[in-house]
Amino acid sequence: MNENLQKVGDGTRVLNFLVDGILVFFLAIGGFQFWKFYVVYWHFKPINFWWFFAGAMFVFYFLFELLFQKTPGKWLTVSKVVSINGGKPSLGAIFIRSLSRLVIIDFLFNAFFGVPLHDYLSRTRVVES
């Protein structure tokens, strides 16, 4: 990785997660409530909330990191996502990064490899802007 880019600390990553997690939760609640209307009035099949949360999480991270290299949490902490060599991540890297966030053990990966699973698989890092 480029030496000029300073990796963010664990505290910054936790704050990013909390801010973004709250936003994703509210997006998922909105989608779930919207779907519930159709379940009640149009007899659509009920869907578990987890599917709305997972979909909102994937779309949220994919679009923000693809378009801006950062999410609202990263804007707050003045950080961004970069490829392992310091450049802008590719579409494929952002796709893998967003998809691998859905794996339950993502956060535990940090203890063994020093980076979360979504950074490891996508070969990206979160650095100070």
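The figures follow:
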| quantity | calculated |
| --- | --- |
| Failed criterion for V78 (all others in (1) β-branched (V, I, T); (2) within 18 Å of V126 (Cβ to Cβ); (3) surrounded by 14 or more Cβ atoms within 10 Å (Cβ to Cβ) hold) | (3) |
| Some residue of segment 83-90 being at pLDDT 95 or above, exposed (fewer than 14 other Cβ atoms within 10 Å of the Cβ) and in contact with a strand residue (DSSP E or B) (Cβ under 8 Å, 6 or more places away or on another chain) | yes |
| Output for segment 101-126, where each listed residue is closer than 23 Å to G87 by Cα and acidic (D, E) | D119 |
| Number of the exception - K70 against (1) part of a helix (DSSP H, G or I); (2) touching a strand residue (DSSP E or B) at 6+ places or on another chain (Cβ under 9 Å); (3) not hydrophobic (A, V, I, L, M, F, W, C) | (1) |
| Subset of segment 103-128 (residues that are surrounded by fewer than 15 Cβ atoms within 10 Å (Cβ to Cβ) and either over 17 Å from F17 (Cα atoms) or free of Cβ contacts under 8 Å to residues at least 60 places away in the same chain (or both)) | V103, I104, I105, L108, A111, F112, F113, G114 |
| Test: F62 is surrounded by fewer than 19 Cβ atoms within 10 Å (Cβ to Cβ), modelled with pLDDT of 95 or more and in contact with a Lys or Arg (Cβ under 9 Å, 6 or more places away or on another chain) | yes |
| Filtered residues of segment 32-80 (kept if polar (S, T, N, Q) and farther than 21 Å from V19 by Cβ) | Q33, N48 |
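The values are calculated or read from the model by the stated rules, or taken from the named source; none is laboratory data. Just so you know, these numbers come straight off a predicted model, no measurement behind them. Neighbour counts run over all protein chains shown; Cβ positions are idealised from the backbone, glycine included.
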